[in-house]
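The values are calculated or read from the model by the stated rules, or taken from the named source; none is laboratory data. The model shown is predicted, which means the values in this text are computed figures rather than measured ones. When we count neighbours, we look across all protein chains shown, and the Cβ atoms used for this are built from the backbone with ideal geometry, even at glycine. Surface accessibility is based on the protein's heavy atoms, side chains included, excluding ligands, DNA and RNA. Shrake-Rupley method; radii C 1.70, N 1.55, O 1.52, S 1.80 Å.
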Amino acid sequence: MDFRWDVVWNALPQMVDGAQLTAQITLLGIGGGLLIGTLCGLITAFRVPVLHWLVFVYVSVIRGTPIVVQAMFIYFALPLAMDITLSGFAAASLCLALNAGAYITEIVRGAVQSIDKGLQDAGLALGLSYPQVLLSIVGPLAFRRTIPPLGNQFIISLKDSALFLVIGVAELAQRGEQLTAQTGRALEIWTAVAVFYLIMTFILAMIMRLIERRMRIL
Amino acid sequence: MSRLIACRNLSKRFGTTEVLRDINLEVHPGEVVVIVGPSGSGKSTLLRCLNVLEPISDGELEVGGKRLGDRGTRKRDIRRETGMVFQQFNLFPHMTARDNVMLGPRKVRGQSRREAGELADRLLNRVGLADRSHHYPSELSGGQQQRVAIARALAVNPRVMLFDEPTSALDPELRGEVLQVMQGLAADGMTMLIVTHEMRFAADVASRLIFMDEGRILHDGNPKTLFQDPPSDRFRDFLRHVQS
C-alpha cells in the first residue's frame, strides 16, 4: 500500500483547525486545572477544616471515573439534571479543567508536604509569621517541585482532549475521524494526526524543560 | 529585669508521654548554659519550647521580659528575642548564604535591602564566610552551612541564642570551625543555651551546666565542679558513656 501525500496535503487545513481547537481546550483545561489544583492542593496540605473533606470527595470522584464518562456527564446529563447546557467547547474545557484539577491537587499537596519541616521551623524561629514562611520559604520550594509532575500532567491533559470527539467537539482527533470517513485513507490521516499530537506534546515538554532548567529543583 | 529567660513549672506532653516535667529555669544575661543528657531526656524539646516552636502544655514562660499568654504577646514576639541554630542547619536551599542571612532582618525587622545586605556581609565576615556569601547551601560544606545558620540567627539581633546539637550532624574535622564561632560569641558576651554532646566544649566554654534526665533538670551548676565530682550515679554513668 502506497502512502498518498496528497491526501495529507488536502487534509492539512482542517487538521490545523482541529489542532488549534485542541490547543485552546488544552490551555483552558490546564489553566483552569492549575487554579483548581493549587487551591485544592493547599486546602488538603493544610487540612483546612470541612473544605478538605469536600476536596477529598472531588478528587475521589474525578480519579475514580473515566474521563469519557465525565465528558458525557457534563455534556449530556448536566442539561437534564440541572438545566445547564454547555457548548461542546465549553463542556470539553470544563471537563479537562476539572480532571486536571484533581490530579494537580495531588501534585500540589505532595509538593507542599515534601518540604522539610525543619525549614518551616527555621523561618518561624527567625520570627517570621506563618504566612511569611509560606510565601518566602515553603511556597517557592514547593513550586519548584511541582514542575516535573506538572509537565507530565499537561501532556496527559493534551492527549486526553482527544476523547472529546465523543461529544462532537471538532478537535484534532475528531477531525481525524471525519477526514478518514471522507477520504477512506486511514493510514495517511491517522499518521498525520499522530504527528500533530507529537509536535504539540513535544513543544509542551520543551517549555517545561526550559522552566525546569531556569529554576533549579531543590 | 535581669533575667532573660524564666520558666516556672514548665511541662510538655506529647499525647500521654511526659517529655518535660516541671522545669524551673532562669537564665541571666551573659550566661553560657550547656545542657547535656541522654537522648530522649527532653533537651531539644526544652529549647524548642523556649522559642515556642513547641507549644508548652503547662507552666509559665517568659523570654526577654515577654510573657507567653500575656495579652498582646504573640509567639513571634518571643521568637524575635531568641535565635535558633538547628542540628540539620535548615538553611533555605533556594537562597544564597547572603539571602539566608538577609531574610530575617528584612521580613522581621523591616530593614531595607541595603541595610540587610550590609548586616549580612558583616555577619558572614564574622563567621569567616565573607567569600562564600553568593554560594547556595548545596555548594557549602556542613561546617560552612552551620556557620551561615549562626549568622542567620544572629541577624535578627536576638538576646539569647539557642543551639540544638549544632555539631551532631558534622564530621569530626568540621566541628572545630563551628565550635570556634560559638566560642567567639560566648567571649563577646552573648547569652547562649547549648544542647550538645561536646563535653570538652562544655568544660571550656560553659559558665553553667545542666544535666537533664527523663524530662527533669537533675543537676544545674558550675561545669567544673559537676565534671570533677559528679553528684549522682546517673550523671556519672552518663559521663562514662559519652567519654568512651
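List of remarks:
- Order of exposure, largest accessible area first, which applies to A:9, A:53, A:190 with probe 1.4 Å: A:9, A:53, A:190
- Amide hydrogen neighbours beyond the local backbone of residue B:191, cut-off 5 Å, H modeled: B:30, B:161
- Volume in Å³ per residue [convex hull over Cα atoms, computed for the protein assembly as shown]: 214 Å³
- Cα Rg, Dmax (largest Cα-Cα span) when computed across the range B:1-139, Å: 17.5, 49
- Rounded FRET efficiency, nearest 0.05, which uses the C-beta distance separating residue A:53 from residue A:20 and R0 of 56 Å: 0.90
- Heavy-atom accessible area ranking, 1.4 Å probe, most first, across A:215, B:161: A:215, B:161
- The mean of 1/r over all distinct Cα pairs in chain A, once inverted, gives the Kirkwood hydrodynamic radius of 19.3 Å.
- Kirkwood hydrodynamic radius computed over the range A:1-117 comes to 16.3 Å, based on all pairs of distinct alpha carbons.
- Separation of the range B:165-180 from the range A:6-51 is 51 Å, based on Cα centroids.
- Taking the centroid of alpha carbons for each part, the range B:53-112 and the range A:79-110 are 43 Å apart.
- Near the amide H of residue B:5, within less than 5 Å, lie the amide hydrogens of B:27, B:64, all on another chain or at least 5 residues away, with H placed in the peptide plane.
- According to the calculation over all Cα-Cα pairs in the range A:69-125, the P(r) per 10 Å bin from zero is 21, 30, 18, 14, 14, 3 %.
- With 0.36 nm allotted per residue and the present C-alpha distance subtracted, the residue A:73-residue A:152 stretch has 25.9 nm of extension available.
- For the residue pairs A:117/B:43; B:66/B:224; A:117/B:107; B:43/B:75, alpha carbon separations beyond 30 Å are given by B:66/B:224.
- Both numbers refer to the Cα atoms of chain B; Rg and Dmax are 17.9, 55 Å.
- A simple rule links phi to the HN-Hα coupling: the Karplus curve 6.51 cos²θ - 1.76 cosθ + 1.60 with θ = phi - 60°, which for the range B:42-51 gives x, 4, 5, 4, 4, 4, 5, 6, 5, 10 Hz, with x for Gly and Pro.
- Debye intensity ratio I(q)/I(0), log10, the range B:70-118, q values 0.16 Å⁻¹ (C-alpha model): -0.57
- The range B:132-244: antiparallel DSSP beta bridges as a percent of all, rounded to 5: 50 percent
- Rounded FRET efficiency, nearest 0.05, which uses the C-beta distance separating residue A:215 from residue B:203 and R0 of 60 Å: 0.80
- Applying 1/(1 + (r/R0)^6) with r as the Cβ-Cβ distance of residue B:58 and residue B:225 and R0 = 30 angstrom yields a FRET efficiency of 0.45.
- Using C-alpha pairs under 8 Å with a sequence gap of at least 6, the mean separation divided by the residue count of chain A gives a relative contact order of 32 percent.
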